[in-house]
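Everything below concerns the one structure shown next.
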Amino acid sequence: LLRVRILTGRTHQIRVHMAAVHLPIVGDAVYGRGGSKANPLLAAAPRQMLHARRIGFDHPASGTRCTFSAPVPLDMQTLIDRLGE
(Lines give C-alpha, C1' and ligand atoms only; values in the text may rest on other atoms or scores of the structure.)
Protein backbone atom coordinates (compact mmCIF):
# COMPACT_ATOMS: atom_id res chain seq x y z
CA LEU A 1 0.00 0.00 0.00
CA LEU A 2 1.23 3.46 -0.86
CA ARG A 3 0.09 6.97 -0.12
CA VAL A 4 0.56 9.08 -3.23
CA ARG A 5 -0.01 12.79 -3.56
CA ILE A 6 -0.58 14.10 -7.06
CA LEU A 7 -0.42 17.71 -8.14
CA THR A 8 -2.23 17.67 -11.47
CA GLY A 9 -5.40 15.90 -10.37
CA ARG A 10 -4.98 13.13 -12.93
CA THR A 11 -5.01 9.49 -11.84
CA HIS A 12 -3.22 8.62 -15.09
CA GLN A 13 -0.18 10.36 -13.57
CA ILE A 14 -0.09 7.82 -10.72
CA ARG A 15 -0.40 4.86 -13.07
CA VAL A 16 2.37 5.99 -15.42
CA HIS A 17 4.84 7.00 -12.71
CA MET A 18 4.33 3.87 -10.63
CA ALA A 19 4.84 1.67 -13.69
CA ALA A 20 7.99 3.64 -14.56
CA VAL A 21 9.57 2.67 -11.22
CA HIS A 22 8.43 -0.95 -11.70
CA LEU A 23 5.63 -0.75 -9.11
CA PRO A 24 2.51 -0.83 -11.30
CA ILE A 25 -0.98 -0.58 -9.84
CA VAL A 26 -2.45 -4.03 -9.22
CA GLY A 27 -5.12 -4.77 -11.82
CA ASP A 28 -3.98 -2.09 -14.29
CA ALA A 29 -4.40 -3.74 -17.71
CA VAL A 30 -2.59 -0.93 -19.54
CA TYR A 31 0.46 -0.19 -17.38
CA GLY A 32 0.46 -3.25 -15.14
CA ARG A 33 2.23 -6.53 -15.56
CA GLY A 34 -0.94 -8.52 -16.20
CA GLY A 35 -0.86 -10.18 -12.80
CA SER A 36 1.83 -11.87 -10.84
CA LYS A 37 3.13 -15.42 -11.15
CA ALA A 38 4.39 -15.12 -7.58
CA ASN A 39 0.92 -14.41 -6.20
CA PRO A 40 -2.23 -15.50 -8.07
CA LEU A 41 -4.32 -13.17 -5.88
CA LEU A 42 -2.78 -10.22 -7.72
CA ALA A 43 -3.58 -11.75 -11.10
CA ALA A 44 -7.21 -12.14 -10.03
CA ALA A 45 -7.72 -8.45 -9.18
CA PRO A 46 -11.09 -7.51 -10.73
CA ARG A 47 -10.02 -3.94 -11.56
CA GLN A 48 -7.36 -1.33 -10.89
CA MET A 49 -6.66 -1.28 -7.17
CA LEU A 50 -6.47 2.51 -7.10
CA HIS A 51 -8.56 4.43 -4.57
CA ALA A 52 -8.74 8.04 -3.41
CA ARG A 53 -9.26 7.92 0.34
CA ARG A 54 -9.51 11.69 0.34
CA ILE A 55 -9.73 14.20 -2.47
CA GLY A 56 -9.97 17.95 -2.37
CA PHE A 57 -10.10 20.88 -4.73
CA ASP A 58 -11.06 24.53 -4.83
CA HIS A 59 -14.51 25.03 -6.35
CA PRO A 60 -14.00 26.85 -9.67
CA ALA A 61 -16.85 29.33 -9.19
CA SER A 62 -16.84 30.06 -5.46
CA GLY A 63 -13.23 29.27 -4.57
CA THR A 64 -14.49 27.30 -1.57
CA ARG A 65 -12.35 24.31 -0.60
CA CYS A 66 -14.24 21.05 -1.24
CA THR A 67 -13.00 17.87 0.42
CA PHE A 68 -14.45 14.38 0.12
CA SER A 69 -13.44 11.07 1.69
CA ALA A 70 -14.47 7.48 1.16
CA PRO A 71 -13.62 4.16 2.79
CA VAL A 72 -11.61 1.53 0.96
CA PRO A 73 -13.97 -0.39 -1.38
CA LEU A 74 -14.89 -3.91 -0.26
CA ASP A 75 -13.16 -5.67 -3.18
CA MET A 76 -9.93 -3.82 -2.46
CA GLN A 77 -10.13 -4.43 1.29
CA THR A 78 -10.77 -8.12 0.65
CA LEU A 79 -7.65 -8.34 -1.53
CA ILE A 80 -5.58 -6.49 1.11
CA ASP A 81 -6.83 -8.85 3.82
CA ARG A 82 -6.15 -11.97 1.75
CA LEU A 83 -2.63 -10.78 0.91
CA GLY A 84 -1.99 -10.25 4.62
CA GLU A 85 -2.93 -13.83 5.49
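The values are calculated or read from the model by the stated rules, or taken from the named source; none is laboratory data. What you are looking at is a predicted structure, and each value in this text was computed from that prediction instead of being measured. For accessibility, only protein heavy atoms count, side chains too; no ligands or nucleic acids. Shrake-Rupley method; radii C 1.70, N 1.55, O 1.52, S 1.80 Å.
Summary table
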| item | result |
| --- | --- |
| Computed over the chain: relative contact order in percent, which uses C-alpha pairs under 8 Å that are six or more apart | 17 |
| Linear extension gain, LEU1 paired with ALA43, 0.36 nm per residue minus alpha-carbon span | 13.5 nm |
| Accessible-area composition of the chain, carbon plus sulfur, in percent [1.4 Å probe] | 57 |
| In order through the stretch 66-79: 3J(HN,Hα) via Karplus (6.51 cos²θ - 1.76 cosθ + 1.60), integer Hz, x for Gly, Pro | 10, 10, 10, 9, 8, x, 4, x, 4, 5, 6, 5, 4, 5 |
